[in-house]
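The values are calculated or read from the model by the stated rules, or taken from the named source; none is laboratory data. Only a predicted model underlies this, so the values are computations on that prediction, with no experimental measurement involved. When we count neighbours, we look across all protein chains shown, and the Cβ atoms used for this are built from the backbone with ideal geometry, even at glycine. The protein model used for the area step is the full one, side chains on, heavy atoms only, and it has no ligands, DNA or RNA in it. Shrake-Rupley method; radii C 1.70, N 1.55, O 1.52, S 1.80 Å.
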Amino acid sequence: KVDFESIFFKKVNFTSGIKYVKSDFINTNSVDIDGVIQNEYSNESLLDEYILAGYSQANFNVFKNFTVQAGLRYEFTDTYVSSGEEEVFVDREYGNFFPSIFLGYKINDFNNLNLSYSKRISRPAFTDMAPMLIFLDLNTAVFGNLSLRPSYSKNYQIDYRFKSIGLSVQYSNEDDVFARFSPTIDAETNFITYSPNNLDQRNSLTAILNFPINPIQDWRIRFFTSLSYSEVQGLVDDYEIDNSVTSLRFNINNDINISDSFTVQVLGFYNTRRNLNNGGYMRPMGKLDLSIQKKVDDNLIITINGSNLLNTMKFRPMIETPELNLIQSAELIFLKPQAKLTLTYNFGNKNVKAKKVNSSEESKRINTS
């Protein structure tokens, strides 16, 4: 990655750069039942991919209270996937432009208005692309999908802020959206396979409201509420998915200062039913956390953290596919209620600043969840 930054005409902040990313993986599956290799579940695939990107961005003020930030990015991608015997699964080359623009207007000291538009690309995780194989039981398995394509989205957003109250409205139109865990059934064996697929499109509209409340001087409350409507359309193995869900999410964060050295934080969220891209939906879920911190002296801090105290952090997907005569539900628990005690003692110099290292965008494609 190489970046260039300069100021033109004493008013325009200009940034440009180029970036090159090289990725590869080797994925091998081998299923053995009673000493016999099952060829239908055994394979090997090798991915070789590179991405070359060029981008530029300019920030400037049209006049004192009106800010413009405009950018343009071009990405070229070459993806090649073959078997150990050089059978070609994927040989794909494509290039795209991704414009973005942000307009900010400061109405006065208490009112701000922002508008933005951007086009983005989301590439599938390597664990979704690799033809991995995970048996959930003797009749159900999860596969990857080598032919999974990236998705493209057009995003529009308007933000208004009055003092500390924020209101945001977002609209997104996404093509080739990822549908993880899309079910298919073998008509002869009734073997159920879940794999990621691309659906035609997803449209979503979201309104977000956040504001603070201070009942007393030492008690600060922050509310964050979002209302979303999402509809997904597409085909998976000749059956049509046309699913729409309205979802409400409510977050609350309480900060309470008992004294100068003793603080309590209570935070949680609740989410109503939300859309899954595979024709199903996620049933309601929530979470409640508690943190108590005591500062003993300038060097010693004692913290007790309680997470998911009510044991409501449960992922409960529901998939109803009448075309496949399939109704499936699950309850996945990744986090049990837990408590942690942390003792922090400072041996060093408080004036030494720690360096922050940010993860790259590409590292998000390497996930094992």
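Between region 310-333 and region 270-309, how many Å separate their Cα centres?
Using only Cα atoms to place each centre, the spacing works out to 22 Å.
Taking Cα centroids, how far is region 202-266 from region 147-194 in Å?
So the separation of the two Cα centres works out to 17 Å.
In region 86-130, whose amide N lies under 14 Å from the spot 7 Å out along Cα-to-Cβ of F25? List them in ranges.
Residues 123-130 fall inside that zone.
Please tell me the relative contact order of region 138-218 in percent, rounded to the nearest whole number, where contacts are Cα pairs under 8 Å and at least six residues apart.
Worked out over region 138-218, it gives 35 percent.
At 1.4 Å probe size, what's the solvent-accessible area of E44? Round to the nearest 10 Å².
Result for E44: roughly 70 Å² accessible.
What is the Cα centroid distance between region 32-59 and region 76-137, reported in whole angstrom?
16 Å
Sort V236, V264 by accessible area with a 1.4 Å probe, largest first.
Descending accessible area places them as V264, V236.
List, in order, the whole-Hz ³J(HN,Hα) value for each residue of region 114-129 obtained from phi through the Karplus relation with A = 6.51, B = -1.76, C = 1.60 and θ = phi - 60°; use x for Gly and Pro.
Along region 114-129, the couplings run 10, 10, 8, 9, 7, 10, 9, 10, 10, 8, x, 5, 4, 5, 7, 6 Hz.
Between Y41 and A330, what's the calculated FRET efficiency when r is the beta-carbon distance and R0 is 22 Å? Round to 0.05.
Once rounded, the FRET efficiency stands at 0.50.
Which length gain, in nm to one decimal place, applies between E86 and I7 when the Cα-Cα distance is subtracted from 0.36 nm times their residue separation?
My answer for the length gained is 23.4 nm.
May I ask which residue of A53, T321, F14 lies farthest towards the positive end of the charge dipole of the chain, with charges of +1 (Lys, Arg) and -1 (Asp, Glu) on Cβ and the Cα centre as origin?
Final value for the positive-end residue is F14.
Show which aspartates and glutamates lie in cross-link reach of K295 when reach means a straight Cα distance below 14 angstrom and same-chain residues fewer than eight apart are skipped.
D260
Just reorder V232, V12 by solvent-accessible area, largest first, 1.4 Å probe, all chains present. Write down the numbers at each step before the final one.
Working: V232 0, V12 35 Å².
Sorted by accessible area, descending: V12, V232.
Beyond 23 Å between alpha-carbons counts as too far, so tell me which of K1/K154; K22/K364; K154/K314; K10/K154; K154/K364 fall in that bin.
The answer is K1/K154; K154/K314; K10/K154.
Report, in debye and to the nearest 20, how large the dipole of region 144-219 comes out about its Cα centre when Lys and Arg carry +1 and Asp and Glu carry -1 on their Cβ. Write down the numbers at each step before the final one.
Numbers: 6 positive and 8 negative charges, 77 e Å.
Using only the charged Cβ atoms, the result is roughly 360 debye.
Expected output is a single nm value to one decimal: the length gained when fully extending between E320 and D255, i.e. 0.36 nm times separation in residues minus the C-alpha distance. What is it?
Full extension of this stretch gives 19.2 nm more.
Return the subset of K106/K287; K11/K106; K19/K340; K64/K119 for which the Cα-Cα distance in this structure is over 30 Å, preserving the input order.
K106/K287; K19/K340
Which order do I18, I121, I366 take by accessible area at a 1.4 Å probe, largest first?
Reading off the accessible areas and sorting them downward yields I366, I18, I121.
Mind putting a number on the dipole of the chain about its Cα centre? Charges go on the C-beta only, +1 for Lys and Arg and -1 for Asp and Glu, and I need it in Debye to the nearest 20.
3020 debye
Roughly how much of D200 is accessible, in Å² to the nearest 10, using a 1.4 Å probe?
Number for this one is 100 Å².
Rounding to the nearest 20 debye, state how big the charge dipole of region 228-325 is about its Cα centre with +1 on each Lys and Arg Cβ and -1 on each Asp and Glu Cβ.
480 debye
Can you tell which of Y281, Q265, T303 lies farthest toward the positive end of the dipole of region 256-305, using +1 and -1 charges on the Cβ of basic and acidic side chains (Lys, Arg; Asp, Glu)?
The one lying farthest along the dipole's positive direction is Y281.
With every protein chain kept in place and ligands, DNA and RNA left out, what is the accessible area per residue of the chain? Probe 1.4 Å, answer in Å².
Solvent-accessible surface per residue comes out at 62 Å².
For E87, what accessible area in Å² do you get when you roll a 1.4 Å probe over the heavy atoms of the protein chains, rounding to the nearest 10?
Answer for E87: close to 110 Å² accessible.
Within the chain, what whole-number % of the accessible surface is contributed by carbon and sulfur, with the 1.4 Å probe and all protein chains included in the calculation?
Ligands and nucleic acids excluded, carbon and sulfur reach 55 percent.
In nm, what is the difference between 0.36 nm times the number of residues separating F98 and K119 and their Cα-Cα distance?
Full extension from F98 to K119 adds 7.0 nm.
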